[in-house]
Amino acid sequence: MRIARRLDGVTYAVRDVVAEAQKLEKLGHKILKLNIGDPNAYDLDTPQYIKDALAKAVASGHNGYSDSQGYFPLREAVVQFNKGKGFDSTADNVVVTSGLSEAVNLLFGAMVEPGDNVVIPSPSYPLYDAFVSYYGGEKRLALLDESNGWAPDVDDLRKRVDENTRAIVVINPNNPTGSLYPEKVLRDVISVAGEYDIPILADEIYDELVYEKTPKSMASLTKDVPIVAMNGLSKNFIAPGWRVGWITFCNFPDDSLKNAFMQLARIRLSSNFPAQVATVEALNNRKAYVAAKAEFIPKLQKRRDITYKRLNEIHGLSCVKPEGAFYAFPRINEGPWPTDKEFVLQLLREKHVLTVYGVGFAQPANTRHFRTVFLPNEQILEESFNRIEAFMKENVGKK
């Protein structure tokens, strides 16, 4: 059967490495998994008040389709959520989606044609790379500066923009690095977008999962440059399987992009209706959410500290301190591996620790990094880093 050529450039490293781990599991090996950003796969759970709201939504009969744009009370709740982030919006400019993955798919489906390009950070979440390729566009990789806490290199970003650029993607806090961008850098990116009249897709899905600093929403920093503010339930509310995300169109001169987006959204009918109803409670009951964060943020921060300390103690590795999300992106400074993919696969086969290779996150091939999560408990983290340390001792210095 002939397969569409548009799939040629579509890969997803986060899950691609799992197939190799499954082969080892079938042989009886226990794999220590530091690969996937799913808090529910570890010992973190969705806050009880939200789970109770979901049960109530199902019991009260919210089991059919919702409006394609999203349940109106939820869109109103998002408006208040946005206000807490420092910017005004209207329910009419909010669209609820099946997680941000669907939102990115529909946005690029509405915006990108062959010959167009999208500027995405390098490194970045592989979804953006995949969907740009799927719709026939060209990815333009704008470097993040590891020596500056993985902040965007604005001069490099400006070089990537031309008359065919359809959007600039900003992921803050960043996946895979865990970096949190300074306000000045965000304003500089906004200036570039304003110069070229290009919208910014602002992925802020981790903006409640921060440790020492508070992030700035990009939509709060401009009233002129078009911003698609993107957020959702998955990460901030420890509920990735519920598939509820939302986007807000800010500062657009007309509704052309939103209308095109809705043409596609209507085809898929709606996102999960019971979960949308429960998300109203998730957003509106701020007191319950603050109490839930008081449980899981200190736990994550402790694990972040262990991860940062251990990675920088291992000879041959170094790591920038993550300030948000639950990822670290260490550099492989020494060792015999031509690529970070070979490092990751050898580590998995020999020490049964599963991470993800850096090139899978649109990281330049001439650098060597890997992504790890600090979601597992302290005991699993320490054992994982003990194995990584042993692996480096066995291999560093080999030709």
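Restricting to the chain, what percent of DSSP beta bridges are antiparallel, rounded to 5? Write out the running numbers ahead of the final one.
On the way: 20 of 39 bridges.
If I count the DSSP bridges inside the chain, around 50 percent turn out antiparallel.
If Lys and Arg each add +1 and Asp and Glu each add -1, what is the summed charge of the other residues whose beta carbon sits under 11 Å from the beta carbon of residue 281?
Details: positive: 51, 56, 286; negative: 52.
In short, +2.
Could you tell me which of rounded, prolate or oblate describes segment 265-330, using a ≥ b ≥ c as the square roots of the eigenvalues of the alpha-carbon gyration tensor, with rounded for a/c under 1.5 and, failing that, prolate when a/b is larger than b/c and oblate otherwise?
oblate
Could you tally up the Lys pairs in segment 72-229 with alpha carbons closer than 16 Å? Skip any pair fewer than 8 positions apart unless they're on separate chains.
Details: 83/216; 83/223; 85/213; 85/216; 85/223; 139/159; 184/213; 184/216.
Taking the Cα cut-off of 16 Å, the pair count is 8.
Over the chain, with a Gaussian network built from C-alpha contacts below 10 Å, which listed residue (73, 126, 253) shows the highest mean-square fluctuation?
253
Identify all aspartates and glutamates with a Cα-Cα distance to residue 293 below 15 Å; exclude those on the same chain that are fewer than 8 residues away in sequence.
43, 45, 207, 208, 212
Give me the compactness ratio for segment 126-193, meaning the Cα radius of gyration over 2.2 N^0.38 Å. Walk me through the numbers before you get to the answer.
Details: Rg = 12.2 Å, N = 68, 2.2 N^0.38 = 10.9 Å.
Relative to the 2.2 N^0.38 Å estimate, segment 126-193 comes out at 1.11.
Set the Förster radius R0 to 22 Å, insert the Cβ-Cβ distance between residue 349 and residue 18 as r into 1/(1 + (r/R0)^6), and round the FRET efficiency to 0.05. Intermediate results must be reported in sequence, preceding the final value.
Numbers: r = 14 Å, r/R0 = 0.64.
Taking R0 as 22 Å, the efficiency between residue 349 and residue 18 is 0.95.
Per the helix-only calculation at 222 nm, which mean residue ellipticity applies to the chain, given -39500 (n - 2.57) for every DSSP H run of n ≥ 4 and division by its residues, nearest 500 deg cm²/dmol?
Details: 12 runs with 164 residues, N = 399.
The helix-only estimate for the chain comes to -13000 deg cm²/dmol at 222 nm.
Grab the beta carbon distance between residue 378 and residue 158, set R0 = 45 Å, and tell me the FRET efficiency rounded to 0.05. Could the numbers behind the result be given before it?
Numbers: r = 43 Å, r/R0 = 0.95.
With R0 = 45 Å, the Cβ-Cβ based efficiency is 0.55.
Using θ = phi - 60° and the Karplus curve 6.51 cos²θ - 1.76 cosθ + 1.60, what whole-Hz ³J(HN,Hα) does each residue of segment 313-327 get, with Gly and Pro shown as x?
Couplings: 8, 7, 4, x, 10, 8, 8, 6, 5, x, 10, x, 6, 9, 10 Hz.
Let me check I've understood the local charge: for residue 75, count other residues with C-beta under 12 angstrom from its C-beta, Lys and Arg +1, Asp and Glu -1. What total comes out? Mind dumping the intermediate values first?
Working: positive: none; negative: 67, 76, 92.
Every neighbour counted, the sum reads -3.
Please compute the contact order of segment 62-285 in relative form: average sequence separation of alpha-carbon pairs under 8 Å and at least six residues apart, divided by the residue count, as a percent. Walk me through the numbers before you get to the answer.
Numbers: 439 pairs, mean separation 63.2, N = 224.
Computed over segment 62-285, the figure is 28 percent.
Taking amide H positions as placed 1.01 Å from N in the peptide plane, with prolines and chain starts having none, which residues 5 or more places from residue 140, or on another chain, fall under 5 Å of its amide H?
Those qualifying (amide H under 5 Å, at least 5 residues apart or on another chain) are 118, 119, 120.
Once phi is turned into θ = phi - 60°, what whole-Hz ³J(HN,Hα) does the Karplus curve with 6.51, -1.76 and 1.60 give for every residue of segment 113-119, x standing for Gly and Pro?
Karplus-based 3J(HN,Hα) across segment 113-119 equals 10, x, x, 8, 9, 10, 8 Hz.
In segment 99-216, what % of DSSP beta bridges are antiparallel (nearest 5)? Let's see the in-between values first.
Details: 2 of 15 bridges.
Bridges in segment 99-216 are about 15 percent antiparallel.
Antiparallel versus total DSSP beta bridges in segment 62-285: what percent is that, nearest 5?
Numbers: 12 of 29 bridges.
If I count the DSSP bridges inside segment 62-285, around 40 percent turn out antiparallel.
Around residue 161, what is the net charge, scoring Lys/Arg as +1 and Asp/Glu as -1 over all other residues with Cβ under 10 Å from its Cβ?
Numbers: positive: 140, 158, 159, 160; negative: 162, 163, 195.
Its environment carries a net charge of +1.
Readers should treat all values here as calculations from the given coordinates under stated rules, not as data from a laboratory. On a predicted model such as this, the values are computed, not experimentally measured, just so you know. Methodologically, a virtual Cβ is constructed for each residue, glycine included, from the backbone with ideal geometry; neighbour enumeration extends over all protein chains shown.
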